[in-house]
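See below for the structure under consideration.
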Amino acid sequence: MRTVIALGANLGDPSKQISLAIDALRDIMIVSALSALYETEPFQVPDDQPMYTNAVAIGECALEPRDLMKELLEIESQLGRERTFANAARTIDLDLIDYGGYVMESDDLTLPHPRAHLRRFVLEPWYEIEPDGILPGKGPIRELLAALN
């Protein structure tokens, strides 16, 4: 299934952490497009945090959505992610943004990602690699990005 994953990090060596996460993603999916790295301001965080490095990967994955999410959480854990409080600084963050247009809402996974349309750090790298991309239920990436300006 066509999958869009957002990557972010702001602790340690963020570029290296994202590179390691992409290597791990390649073990569970075929990565067909990868954005450049974007340096972004921390977004809606409770304290003064370092700048973030963000990217978006698009690929094909045979895992079911919940199984893919479990794998993403395992990659985060392997790369030192500690969940101390909401929006804490992190060594890596992997968000499942879209899974083939699949729509679901549960305690452990909501698809498409419920806040992706509000996040420039997701939309800009996604637009770079898929300018005609569409976030299901929200619309074209181009329009969502323009709405943030």
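Here are some notes:
- Between Pro125, Pro14, Pro114, the residue with the greatest mean-square fluctuation in the GNM of the chain (Cα pairs under 10 Å linked by springs) is Pro114.
- Distant-in-sequence amide H partners of Ile97 (H built 1.01 Å from N, under 5 Å): Val4, Ile5, Ala6
- Computed over every Cα-Cα pair of the range 2-148 and binned at 5 Å starting from 0, the pair-distance distribution P(r) comes out as 2, 10, 21, 24, 23, 16, 5, 0 percent.
- Inter-part distance, the range 91-149 to the range 27-42, computed on C-alpha centroids, equals 13 Å.
- Amide H contacts for Leu135 (H built 1.01 Å from N in the peptide plane; partners 5 or more residues away or on another chain; cut-off under 5 Å): Ile141.
- Rounded to whole numbers, the Karplus 3J(HN,Hα) couplings from phi for the range 17-33 are 4, 5, 4, 5, 5, 5, 4, 5, 4, 5, 7, 10, 7, 8, 7, 9, 8 Hz, using 6.51 cos²θ - 1.76 cosθ + 1.60 with θ = phi - 60°, and x at Gly and Pro.
- Karplus (6.51, -1.76, 1.60) ³J(HN,Hα), θ = phi - 60°, over the range 62-70, in Hz, Gly and Pro reported as x: 8, 5, 5, x, 5, 5, 5, 4, 4
Every number here is computed from the coordinates shown, using simple stated rules; none is lab data. Being a predicted model, the structure only gives us computed values, none of them experimental.
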